[in-house]
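Okay, structure first, notes after.
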Ligand code: NAD
């Protein structure tokens, strides 16, 4: 277990109370990493931290902060430094889509017979801003605040959470797709910017999981069955199933350990073959 040499390191996981990131936090705790479950939802963060301490006998704290508010992130950093010392690992996991930034129609009709409010033209700028900011600025700001410790230590790891949308956009969700594409670009940019500091910056692009943010698109509320879109995803995934959060943790541990010490600026898909498959 010690071969990854992560024991005693301090990791901040934003969105740590969520489905994917709580699992990522557990996998780090299992390696002896002290975990900070940072989330907007304080109760959920504390409850994940308590569960981690109980299961892995490794220190974990739940901290409330908004990844879009630098002041709250700085207050969180002060609390973390006081309790755990300097931060070694940052997982930028807070993110997601919203119905307010989702078109009802996949593609406009060529006949001119469109309900304009169901297309690109009906998107609300506020909804677009909300999703773009949460995913992009919600990665930028925590990195600005938490990576300062890594600069001082001359070592550290930053893991951004991208998506399949980042390579080729999915229909209906242009803000989320644009923001995740920006995450890939930023991962490369920051990896170069930090390349002489001892800090590596990489990203994981998960395939499709059934979670709170996409359930409304993938499961029919009335029948509980997969929607047509949900089935399309399965058809586009050569392994013919959804991903489960545990399947992302091997890549996370690889990226935050010295196993990947010459790896920086990459985005690794963990997607059951989705990004490799043309559909034919
Ligand atoms: P989730 O909704 O289960 O978790 C997101 C967490 O982020 C929640 O606990 C929420 O409270 C927290 N959060 C939201 N806004 C915040 C803010 N402003 N400040 C701090 N915390 C905030 O989502 P998930 O599906 O586990 O997604 C985690 C990450 O993985 C996201 O970046 C998402 O875009 C990405 N992702 C998800 C999928 C998928 O299929 N679910 C696929 C690819 C990528």
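Values quoted throughout were computed directly from the atomic coordinates according to the rules given, and no laboratory measurement underlies them. Predicted model, so just to flag it, every value in this text is computed and none were measured. Using ideal geometry, Cβ is built from the backbone for each residue, glycine included, and neighbour counts are taken over all protein chains shown.
The residue of region 226-249 that is farthest from the ligand (Cβ to nearest atom), among those that are within 26 Å of residue 17 (Cα to Cα) and without any contact (Cβ under 8 Å) to a residue 24 or more places away in the chain, is 226.
Annotation note: Cβ proximity below 7 Å between a residue of region 1-29 that is over 20 Å from residue 86 (Cα atoms) and without any contact (Cβ under 8 Å) to a residue 40 or more places away in the chain and a residue that is within 15 Å of the ligand (Cβ to nearest atom) and assigned to a strand (DSSP E or B) (sequence gap 6+ or interchain) occurs for no pair.
Meeting the requirement of 3 or more residues that are within 22 Å of residue 268 (Cα to Cα), the helices (runs of 4 or more DSSP H) wholly within region 66-179 are 138-153. Residues that are more than 15 Å from the ligand (Cβ to nearest atom), without any contact (Cβ under 8 Å) to a residue 60 or more places away in the chain and out of contact with any strand residue (DSSP E or B) (no Cβ under 6 Å at 6 or more places or on another chain) do not occur anywhere in region 202-213. Scoring residue 256 on the criteria (1) more than 23 Å from residue 91 (Cα to Cα); (2) more than 16 Å from the ligand (Cβ to nearest atom); (3) crowded, with 19+ Cβ neighbours inside 10 Å leaves a single failure, condition (1). Against the conditions (1) surrounded by 18 or more Cβ atoms within 10 Å (Cβ to Cβ); (2) near the ligand (Cβ under 8 Å from one of its atoms); (3) in a loop (DSSP other than H, G, I, E, B), residue 58 satisfies every one except (2).
Condition check for residue 229 on (1) part of a helix (DSSP H, G or I); (2) under 19 Å from residue 160 (Cβ atoms); (3) in contact with a helix residue (DSSP H, G or I) (Cβ under 9 Å, 6 or more places away or on another chain): one failure, at (2). Only a single criterion out of (1) more than 9 Å from the ligand (Cβ to nearest atom); (2) in contact with a strand residue (DSSP E or B) (Cβ under 8 Å, 6 or more places away or on another chain) is not satisfied by residue 64, namely (1).
Are any of the residues in region 150-157 surrounded by 15 or more Cβ atoms within 10 Å (Cβ to Cβ), within 16 Å of residue 102 (Cα to Cα) and either within 15 Å of the chain's Cα centre (by Cα) or away from the ligand (no atom under 14 Å from the Cβ) (or both)? The answer is no, given that none of the residues of region 150-157 is surrounded by 15 or more Cβ atoms within 10 Å (Cβ to Cβ), within 16 Å of residue 102 (Cα to Cα) and either within 15 Å of the chain's Cα centre (by Cα) or away from the ligand (no atom under 14 Å from the Cβ) (or both).
Among the residues of region 181-201, those that are within 17 Å of residue 156 (Cβ to Cβ), part of a helix (DSSP H, G or I) and away from the ligand (no atom under 16 Å from the Cβ) comprise 189, 190, 191, 192, 193. Among the residues making up region 25-47, a single one is within 9 Å of the ligand (Cβ to nearest atom), part of a helix (DSSP H, G or I) and buried (at least 24 other Cβ atoms within 10 Å of the Cβ): 45. Of everything listed in (1) within 16 Å of the ligand (Cβ to nearest atom); (2) exposed (fewer than 14 other Cβ atoms within 10 Å of the Cβ); (3) touching a residue at least 40 places away in the same chain (Cβ under 8 Å), the single unmet condition for residue 126 is (3). Look at region 152-166: where a residue is without any contact (Cβ under 8 Å) to a residue 24 or more places away in the chain and a partner is within 16 Å of the ligand (Cβ to nearest atom), sitting 6+ places away or on another chain with Cβ atoms under 7 Å, you get 165/173; 165/176; 165/177; 165/180.
Restricting to region 214-225, what's the tally of residues that are more than 16 Å from the ligand (Cβ to nearest atom) and either in a strand (DSSP E or B) or in contact (Cβ under 8 Å) with a residue 40 or more places away in the chain (or both)? Explain how you work it out, then say what you get.
Applying the first criterion (more than 16 Å from the ligand (Cβ to nearest atom)) to region 214-225 yields 220-225.
If we keep only those that are either in a strand (DSSP E or B) or in contact (Cβ under 8 Å) with a residue 40 or more places away in the chain (or both) too, we end up with none.
Number of matching residues: 0.
Looking only at region 134-146, filter to residues that are touching a residue at least 60 places away in the same chain (Cβ under 8 Å) and in contact with a helix residue (DSSP H, G or I) (Cβ under 8 Å, 6 or more places away or on another chain); which one of those is nearest to the ligand (Cβ to nearest atom)?
Taking region 134-146 first, the residues touching a residue at least 60 places away in the same chain (Cβ under 8 Å) are 134, 137-139, 141-142, 144-146.
The next check asks that each one be in contact with a helix residue (DSSP H, G or I) (Cβ under 8 Å, 6 or more places away or on another chain); those that pass are 134, 139, 141-142, 144-146.
Values: 134: 6, 139: 8, 141: 10, 142: 9, 144: 15, 145: 12, 146: 13 Å.
Among those residues, the one meeting the criterion is 134.
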